[in-house]
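Asks: Quick one: structure below, then a few questions.
No lab work stands behind these numbers, since they all come straight from the coordinates. Worth saying up front: this structure is predicted, and the values here are computed from it rather than measured. Here the Cβ positions follow ideal geometry from the backbone for every residue, glycine too, while neighbour counts run over all protein chains shown.
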Amino acid sequence: MPDLTPRQIVAELDRYIVGQNAAKRAVAVAIRNRWRRQQLPADFRKDVTPKNIIMIGPTGVGKTEIARRLAQLVGAPFLKVEATKYTEVGYVGRDVESMIRDLTEIAVGMIKQEQRRIVETEAKVRVTEKLLDLLLPGKTNWEPENSEENEKHKRTREKMKAKLEAGELEDRQVELAVEQKAVPVQIFSNIGMEQMDVDFQNMFEKIMPKNNQPRQVTIKEARRSLLEQEAEALIDRNVVTEKAIELVENHGMVFLDEIDKICGPQSGHGPDVSRQGVQRDLLPIVEGTTVNTRQGPVRTDHILFIAAGAFHASKPADLMPELQGRFPIRVELTDLTREDFLRILTEPKHSLTKQYAELLGTEGVTVEFTRDGVEKLAETAFEVNRTTQNIGARRLHTILERVVDEVSYEAPEFPEKRVVINAGYVDSRLSGILKSEDLSKFIL
């Protein structure tokens, strides 16, 4: 994890997300605290637990985007899940422990990538030797030794190696035994036995005979296939497992979205396995427990949990008191203003207006958004959100799609290769819809 200060983390998030400074500060401090904890003595470190965060705000204001960009920034094992996909243990659906298993598999993938970079040089040497064996098959064991023939073969091999390294033989065809992947064995079992399912699948894969089928491939394709095989053979699986578990336990992050959908009044008609039941199962995971995974037991004590929800039909106080206590930091995200919409359209590194300009640029059409055109788009998005359902920044997608609809459709045969989207153009494309408020609810 890079040693970023909270100010640097917020500055990086500012490049992609407009506003919501309170939420950015909260996650930046939480990430920095992970680094601070690692600097403490080992006996002190184990008692410092992460301060989990709950982000409260309407849809489309940046909750998920903050978490997504944060994951890319810190390079830690990160998993985004929706709370609505889980049920209480013993019922149809996924149990909450599966999120830790998924997080561990993500960490394994990250460590494997890291290990591949370490063994890449040695793997490339092995691949070159194997390619030379395919191009110049050696003698069979029963052939008599001949020193002159051996020298000749050695010289030829050296010349071929030089050509290989120079990239002159990339299109040469060779016969390579390619392992055909067997059709995975699907196992259906009661819920709560996901781990057993995975282990059974692995067992069947090992039992099933490997089917190596010779194929004619180019040197370029053979190199890619052999490099994968050799790198896999050189990686120490025990090292991968140990490092992955350590990475999850000390740096893992889980973004638990739609948490407001699992809280509410107690059901009076039977067990509420998708709401109260999920909350009860979440308690030990967030507090700290041991989860059995394919890689071994994983402790969740120091995994950072960031929960988020719109809380339209419920409020954070509807969560079980014990679960509320596991999320001590609460951050409220604000509704987007006219100025926020304007900034979203212009400021981020890959803003929506830049995306549309680049997309249509591939057809040779130059799209220019004028200042008054962008202001009109922002004002329209704000007004439609205010008068109909407030879906936040997602409203800009629907409005922009409507505005550039004709240009997008006609772009390949468009006679004029330059389009200026100003306030008048936006009005002409949206006026008929905005006049009818009822219709705008369906269109925008």
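Asks: Once the Cβ-Cβ distance between ALA162 and ARG224 is put in as r, and R0 is 22 Å, what FRET efficiency do you end up with, to the nearest 0.05?
Replies: On the way: r = 21 Å, r/R0 = 0.95.
Efficiency, rounded to the nearest 0.05: 0.55.
Asks: Report, by chain and number, residues whose modeled amide H sits under 5 Å from the one on VAL419, excluding near sequence neighbours (fewer than 5 apart, same chain).
Replies: THR366, VAL367, GLU368
Asks: Here's something else I'd like to know. I'd like the FRET efficiency for HIS397 and ALA233, computed as 1/(1 + (r/R0)^6) with the beta carbon distance as r and R0 of 60 Å, rounded to 0.05. Walk me through the numbers on the way to the answer.
Replies: Details: r = 47 Å, r/R0 = 0.78.
It comes out at approximately 0.80.
Asks: Still on this structure, I have one more. In terms of modelled amide H atoms, which long-range or inter-chain residues lie less than 5 Å from the amide H of ASP335?
Replies: Amide H to amide H, under 5 Å and 5 or more residues apart or across chains, ASP335 pairs with nothing.
Asks: Further, regarding this structure: Would you list, by chain and number, the aspartates and glutamates whose Cα falls below 14 Å from the Cα of LYS315, excluding same-chain residues fewer than 8 positions away?
Replies: GLU258, ASP260, GLU332
Asks: A further question follows. Provide the per-residue ³J(HN,Hα) series for the range 95-108, in order, calculated from phi with Karplus coefficients 6.51, -1.76, 1.60 and θ = phi - 60°, each as a whole number of Hz, with x at glycine and proline positions.
Replies: 8, 5, 5, 5, 5, 6, 5, 5, 4, 5, 5, 5, 4, 4
Asks: So, in nm, how far is label LEU169 from label LYS417 when the simple model puts each one 7 Å beyond its Cα toward the Cβ?
Replies: Here the answer is 4.6 nm between the modelled labels.
Asks: Only loop residues by DSSP count here, and only those with at most 15 other Cβ atoms within 10 Å; note down the GluC sites (Glu not before Pro) in the range 226-263 that meet that. Don't skip to the end; give the middle numbers.
Replies: On the way: sites: GLU228, GLU230, GLU232, GLU242, GLU246, GLU249, GLU258; in loops: GLU258.
Counting only loop positions with at most 15 other Cβ atoms within 10 Å, none of the GluC sites (Glu not before Pro) in the range 226-263 qualifies.
Asks: Only loop residues by DSSP count here, and only those with at most 10 other Cβ atoms within 10 Å; note down the chymotrypsin sites (Phe, Trp or Tyr not before Pro) in the range 344-400 that meet that.
Replies: Values: sites: TYR356, PHE369, PHE382; in loops: none.
When the chymotrypsin sites (Phe, Trp or Tyr not before Pro) of the range 344-400 are filtered for loop state and at most 10 Cβ neighbours within 10 Å, nothing remains.
Asks: Let me ask you something else. Grab the Cα-Cα distance for GLU358 and ARG386, subtract it from 0.36 nm times how many residues apart they are, and report the gain in nm with one decimal.
Replies: Values: separation 28, 0.36 × 28 = 10.08 nm, distance 3.03 nm.
Difference between extended and current length: 7.0 nm.
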